Every structure is written in structure tokens, then in C-alpha cells.
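Working notes, beginning with the structure itself.
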Amino acid sequence: MADIAVPAGSRLQWLRASELQRPPGATPAGLSGPVVVLMPWLDEAAARDAARVMLGRAGQAMHLVGIQDDTGQGLVSLLNTALKQVDSPWIVYAAQDAFAGRYWLRHALAHMASQPAKGLLAFNDGKWFGELAGFGLVRRSWLETVYAGDLFHSGYRSHYGDTELSLVARQQEALAYHPHALLIEVDAGKDARPVHAPDRERFRLRCQTGFDGRVQDPALRGRFG
């Protein structure tokens with residue numbers, strides 16, 4: 001993947017999930033910077049294309065970390081594990097099927113800088129229009145008040161982690177959106193594929209408790225049920 005041009009000030013790093021599971025002293029160092037973008041992947045060609053466009057169109061220096069799920073642990077566990085190795089005030093979670101619009105990251109950071117009470121920005125993914133952060137920019141200081149160091153609730157495997165996080169942010173009036181912060185989800189077959197059934201059931205059960213009391217508004221709890 002060395003053929004990708006990296007703009008001045010930015011970094012591109014490729015890792016395997018198994019590398020992140022080693023003891024801290026053996027974990028690859030340097031997951032740091034003003035903004036760290038975590039991009040799990042399974043398909044190398046898709047990941048390479050996504051990284052190229054994200055880097056080229058960010059309009060903002062960043063450290064993009066592409067992480068291959070070589071262990072089959074699932075999206076949620078992979079991102080939670082990776083986050084523990086990140087030293088940055090801003091974290092983006094994306095995926096190999098993300099297609100970036102021009103200045104996607106610059107718009108997102110500027111918008112969040114103007115709203116210090118917001119903790120999560122939902123990128124315009126062409127699907128949820130700010131209701132849900134399928135791809136998101138997270139303020140680290142806010143995130144640490146939610147799941148004690150995790151990005152998503154650890155009970156999920158692949159789906160609904162972003163949904164729950166978005167509902168928590170909406171309950172707190174901490175969810176932001178900017179239509180020009182564009183990270184489109186490009187997956188022609190996704191709408192025809194079922195979600196992970198145990199994740200759906202986990203979400204349903206957690207919704208009944210208001211996600212451990214974090215979401216009290218009945219309208220929010222019923223939005224994605």
C-alpha cells in the first residue's frame with residue numbers, strides 16, 4: 001500500500017488487529033496526533049481507495065490508521081482495542097466503504113470548534129442526515145464520560161454501537177452535524193444484508209433500560225428500535 005500519496009503533515013499507517021492485542025510494550029507506537037482516523041478493513045483494495053481519497057481531500061493534517069481485522073473479532077472490539085492505543089483529542093471512526101467529500105475533515109473540525117458543548121459529530125453519510133453518526137468525529141474528553149475509555153458499548157460485535165452512541169449524544173444535546181462534512185457510505189449491497197441478529201437483540205434489551213439510564217427520552221429510545 002506504499003503507492004498512496006500522503007500530504008505534508010499527515011501520516012498513514014497500516015496495522016493488523018492482532019498487533020493491537022499484544023502487551024502494551026509490544027504494541028506499535030505512534031497512534032497519536034491532533035486527529036487520529038481509525039479505519040477498520042477487510043478488503044485491501046477498498047481500504048486503499050478509501051484512504052487515498054480521505055487523505056487527499058481532508059484539508060487538514062491527520063493520522064490515518066488502517067486496521068485489518070485479521071482476527072475476526074468484529075468492528076466494535078477492534079475499534080475499542082485500537083482506541084486504547086490512541087493519544088489524540090479527536091478521533092474519527094470510519095470504514096473501508098467511506099468516500100470522502102472535499103474538505104470533509106476541515107469542515108467537521110471547524111464546526112466542532114465552534115460548538116464546545118458537542119461531543120460527537122455525525123458525518124453526512126448520505127443516509128442518516130445527522131440523526132445517527134454512522135461515521136463520526138468524537139471529542140475525546142466527552143467520550144471518556146460515556147463508556148469509560150471505549151468508543152462503543154462492548155456488548156455489540158458489528159452493529160448498533162454507533163446507534164447507541166448517537167442516541168446518548170442526542171439525549172445530552174451533544175450531537176453535531178454539518179452537511180459539508182461528507183463521508184459517504186458506498187456499499188451497494190448493504191441494504192440487502194441483514195444486521196447481526198445478536199446485536200439487534202442486544203440493542204433491543206439495552207434500549208429497554210435506556211442504555212443503562214443514559215437515554216431517558218422515549219422518542220429517542222423508539223427511534224431505531
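Just so it is clear, none of the values below were taken in a lab; they were calculated from the coordinates. As the structure is a computational prediction, the values presented were derived from the model and not from experiment. Cβ sites come from the backbone with ideal geometry, for glycine too, and all protein chains shown count toward neighbours.
Count Lys and Arg as plus one, Asp and Glu as minus one, and take only other residues whose Cβ is under 13 Å from that of D217; the net charge is then +3. Every helix of 4 or more DSSP H residues in the chain counts as -39500 (n - 2.57), and over all residues that averages to -8500 deg cm²/dmol at 222 nm. When DSSP beta bridges are restricted to pairs lying wholly in the chain, around 35% turn out antiparallel.
For E144 and A197 in the same chain, what is the full-extension length gain: residue separation times 0.36 nm, less their Cα-Cα distance, in nm?
Values: separation 53, 0.36 × 53 = 19.08 nm, distance 2.82 nm.
Answer, rounded to one decimal: 16.3 nm.
Highest average first, the peptides 81-91, 162-172 ordered by how many other beta carbon atoms sit within 10 Å of their residues are 162-172, 81-91. Multiplying the residue separation of A46 and Y103 by 0.36 nm and removing their Cα-Cα distance gives an extension gain of 18.5 nm.
Between Q208 and A117, what is the FRET efficiency for a Förster distance of 25 Å, r being their Cβ-Cβ separation, to the nearest 0.05?
Given R0 = 25 Å and the Cβ-Cβ separation, E is 0.30.
Count Lys and Arg as plus one, Asp and Glu as minus one, and take only other residues whose Cβ is under 11 Å from that of D70; the net charge is then -1.
Extension gain A5-R223, at 0.36 nm per residue separation less the Cα-Cα distance, in nm?
Computed gain between A5 and R223 is 74.3 nm.
Summing Lys and Arg as +1 and Asp and Glu as -1 over all other residues whose Cβ lies under 15 Å from the Cβ of D49 gives a net charge of -3. Seen against the Cα atoms of the chain and their longest principal axis, helix 161-171 is set at about 60 degrees. Distance from the Cα centroid of the stretch 142-215 to that of the stretch 58-120 is 15 Å (rounded to whole angstrom). Shape class of the stretch 11-191 from the Cα gyration tensor (axes a ≥ b ≥ c, square roots of the eigenvalues): rounded, since a/c falls below 1.5.
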